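Inspection log for the structure reproduced underneath, given as structure tokens.
The values are calculated or read from the model by the stated rules, or taken from the named source; none is laboratory data. Bear in mind the structure is a predicted one, so any value in this text is a computation, not a measurement. Positions of Cβ are backbone-derived with ideal geometry, glycine not excepted, and every protein chain shown enters the neighbour counts.
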Amino acid sequence: MKFLSNLFGCVLIAVLLSSCSQRAYHQHDDSFDLTSVSTYAWADADDDKNFDTKRRNLNSIRDSKIKRTIDKYLQEHGWKINNANPDVFLVFDVVVDQSQQNVNVPVYSQPTTSWFFNPATRRWVPIFYPSNLVGFNTATRQVREGTLTLSMMNPVTDKAIWQGWTSSEIYGKRISDEKIDRDVRAIIKELKKY
């Protein structure tokens, strides 16, 4: 019996951990062979004089943490930084949007108990009526959603060859280090499929 309860506990923990993982998505150019990529360099789009590429909501502390985290996971994947002759250029972007979300809250009736007299037993017998779903109350709340996007560009053609992104709700004013780590890990997990 103890074995079954331990097994059930392990299965429950595995289900909870898998449901907590961050989901990422990606798109890629089929004509480019991603398996041949082993080096990368960071593209600095803010220095381009020909285009207005200044990013909104620039935050140097957050951006350096994201860059270090991406470097860490890419190097674990076997990639190396090569600023002289990289296989791909990397650039990331963070977009924080505010929107309103409708929340449906179920409304239930009050449970009741009625008493009836049973002449055969000469006792009062309670009959319980459970609560029933009456409907839903709809409320609106403000939501801050952050999207982290990592793009890879071909250094020869300057065209995007791979893009991975993930979105989730942001609690508080800043994106936490744990959220940065979780989001980057999810995006790099999509990249490891190649």
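Points worth noting:
- Residue check, Val184 within 30 Å of Asn83 (Cβ to Cβ), without any contact (Cβ under 8 Å) to a residue 12 or more places away in the chain and either assigned to a strand (DSSP E or B) or assigned by TED's automatic domain parsing to the domain that holds Val37 (or both): no
- Taken as a whole, the condition of being modelled with pLDDT of 90 or more and surrounded by 11 or more Cβ atoms within 10 Å (Cβ to Cβ) does not apply to Ser114.
- Checking the stated criteria, Ile187 turns out to be touching a His at 6+ places or on another chain (Cβ under 9 Å), under 18 Å from Asp71 (Cβ atoms) and hydrophobic (A, V, I, L, M, F, W, C).
A quick yes/no check of all residues on (1) within 26 Å of Tyr73 (Cβ to Cβ); (2) assigned by TED's automatic domain parsing to the domain that holds Lys72; (3) out of contact with any His (no Cβ under 8 Å at 6 or more places or on another chain); (4) in a strand (DSSP E or B):
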position: Ser114; (1), (2), (3), (4): no, no, yes, yes
position: Pro126; (1), (2), (3), (4): no, no, yes, yes
position: Ser131; (1), (2), (3), (4): no, no, yes, no
position: Leu148; (1), (2), (3), (4): yes, yes, yes, yes
position: Ile161; (1), (2), (3), (4): yes, yes, no, yes
position: Ile180; (1), (2), (3), (4): yes, yes, yes, no
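- Residues of region 123-158 satisfying the condition of being over 18 Å from the mean Cα position of the chain (by Cα) and under 22 Å from Lys67 (Cβ atoms): Met152, Met153, Asn154, Pro155, Asp158
- Matching residues in region 90-146 - criterion: being free of Cβ contacts under 8 Å to residues at least 60 places away in the same chain and either among the charged types (D, E, K, R) or under 30 Å from Lys80 (Cβ atoms) (or both): Phe92, Asp93, Val95, Asp97, Arg122, Arg123, Arg141, Arg144, Glu145, Gly146
- Within region 62-73, the set of residues being at pLDDT 90 or above and either surrounded by fewer than 14 Cβ atoms within 10 Å (Cβ to Cβ) or not aromatic (Phe, Trp, Tyr) (or both) comprises Lys65, Ile66, Lys67, Arg68, Thr69, Ile70, Asp71, Lys72.
- Residue within region 165-177 that is surrounded by 12 or more Cβ atoms within 10 Å (Cβ to Cβ) and modelled with pLDDT of 90 or more present: yes
- Val156 being aliphatic (A, V, I, L, M) and within 30 Å of Ser36 (Cα to Cα): yes
- Single condition Ser109 does not satisfy, out of (1) closer than 24 Å to Ala186 by Cα; (2) surrounded by 11 or more Cβ atoms within 10 Å (Cβ to Cβ): (1)
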